[in-house]
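Computed from the coordinates by the stated procedures, all read-outs in this text should not be read as laboratory data. As the structure is a prediction and not an experimental result, all values here were calculated from the model. Note that each Cβ is placed from the backbone with ideal geometry, even for glycine, and that neighbours are counted across all protein chains shown.
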Amino acid sequence: MKLPKKPLLAAIVISSIGVATAAVATSYPAPAQVVVLDCGTHSVKPDTLTIYCADFGVNVNHIKWSKWTKAGAIGTGIYSANNCTPNCAAGKVASVSVKLTLGAAKPIKSEYVMSALNIATSNGKFLPLLKRNSDKWVLQ
């Protein structure tokens, strides 16, 4: 028994479309690098982060990262704040050891960009200039 050619041709075309669709769906590479956004700069495991880009008056420095993945990052550092009294140039800087947690990673082009930073003092003392022992920053 001879099969008609049109159904066979239709099956080949449909099969080819499925293969082509699968190839297109997998042709975009997944984001490969995990970065944090800080003052407009994308950084991998930065040793300093700041909340006020214009004057660097409040920052976390000497950061050591123990975990750095697209699921989040964990580290420790020194939180420093300038009291700007009588002005920022002559102000005193107070510091305290902190624990850091980064998260909210979003895939953007070839990177996972984290922008949410949670800060908590290591010893339970208040953060300089704040009346609490933790803070949350949205890094930009």
* Low-density loop positions, trypsin sites (Lys or Arg not before Pro), the stretch 93-140 - DSSP coil, at most 11 other Cβ in 10 Å -> Lys109, Lys125, Lys131, Arg132
* Asked: Could you work out Rg/(2.2 N^0.38 Å) for the stretch 33-138, with Rg from alpha carbons only?
  -> 1.08
* Kindly give the semi-axes, whole Å and largest first, of the ellipsoid equivalent to the stretch 37-89, taking each as the square root of 5 times a Cα gyration tensor eigenvalue. => 25, 13, 7
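For the cross-link pairs Lys67/Lys92; Lys70/Lys92; Lys92/Lys125, which exceed 29 Å when the distance is taken from alpha carbon to alpha carbon?
Lys67/Lys92; Lys70/Lys92
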* Label points 7 Å out from Cα along the Cβ direction at Asn133 and Lys106: separation in nm? -> 3.3
* Asked: What's the FRET efficiency of Gln140 with Lys92 using the Cβ-Cβ distance as r and R₀ = 25 Å, to the nearest 0.05?
  -> 0.40
* How many nm is it between the label spots at Asp55 and Ala116, if each spot is 7 Å from the Cα in line with the beta carbon? -> 2.9
* Asked: When Lys and Arg each count +1 and Asp and Glu each count -1, what net charge do the other residues less than 14 Å away from Lys64, Cβ to Cβ, add up to?
  -> +2
